[in-house]
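The values are calculated or read from the model by the stated rules, or taken from the named source; none is laboratory data. Because the structure is predicted, anything quoted here is derived from the model rather than measured. Cβ atoms come from the backbone with ideal geometry, glycine included; neighbour counts cover every protein chain shown.
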């Protein structure tokens, strides 16, 4: 019995001794692998954090670019709209709408010994000023657009509108409220009544759909400039 016990103890000792020798022969291999894996993991984490920061910076720049682009589009649209309004106010755009047509003709007959009554550029200017005062929004004479810089003159029986020669009968097209425009010209004791008293032929008709062309000339400023 004792021999069997001693034999078993000896067997266990031998097994333990061999196992300890095997483990002691390679003590550093698992440790090196753990350190290497830890280093790689740390580097991967640092690289991921750096990429996340770079992506965040790119997203921030993208938002700024999109905002700047949107603001640029808005500014461009606003400037285009303002430019279009200025072109309309300057008479550089053709216009259409309701209004009236005023036709002026020389007198058919003249009293004996008197000079013939003809339509002059002053008569046209007077009628046009009455129309402006009554709220006309666009005016043309014989197809010539009247703008803020339009000049009228007379050479014999020919009227000059911005150096363009026009002859009678003269047709003035004015866009605006037809009733207001016609009422302003037909006012009792007004300018039109005085011209008719001289024998001049003047007819006024309301129209629901008229058109005036754009101003053909470009104003030149040789002696003046905008103030700061």
Out of 91, 97, report the one residue that is touching a residue at least 24 places away in the same chain (Cβ under 8 Å), at positive phi and outside any strand (DSSP E or B). 91
Which one is nearest to residue 89 (Cα to Cα) among residues in region 198-228 that are out of contact with any helix residue (DSSP H, G or I) (no Cβ under 9 Å at 6 or more places or on another chain), at pLDDT 90 or above and surrounded by fewer than 16 Cβ atoms within 10 Å (Cβ to Cβ)? 213
Tell me, yes or no, whether region 201-208 has at least one residue that is more than 21 Å from residue 96 (Cα to Cα) and free of Cβ contacts under 8 Å to residues at least 12 places away in the same chain. no
Of everything in region 100-122, what is more than 16 Å from residue 198 (Cβ to Cβ) and either modelled with pLDDT under 90 or assigned to a loop (DSSP other than H, G, I, E, B) (or both)? Give them in sequence order. none
For residue 125, state whether it is within 21 Å of residue 194 (Cα to Cα), assigned to a loop (DSSP other than H, G, I, E, B) and modelled with pLDDT of 90 or more. no
Would you check if there is a residue in region 134-157 being more than 25 Å from residue 107 (Cβ to Cβ), surrounded by fewer than 17 Cβ atoms within 10 Å (Cβ to Cβ) and touching a helix residue (DSSP H, G or I) at 6+ places or on another chain (Cβ under 7 Å)? yes
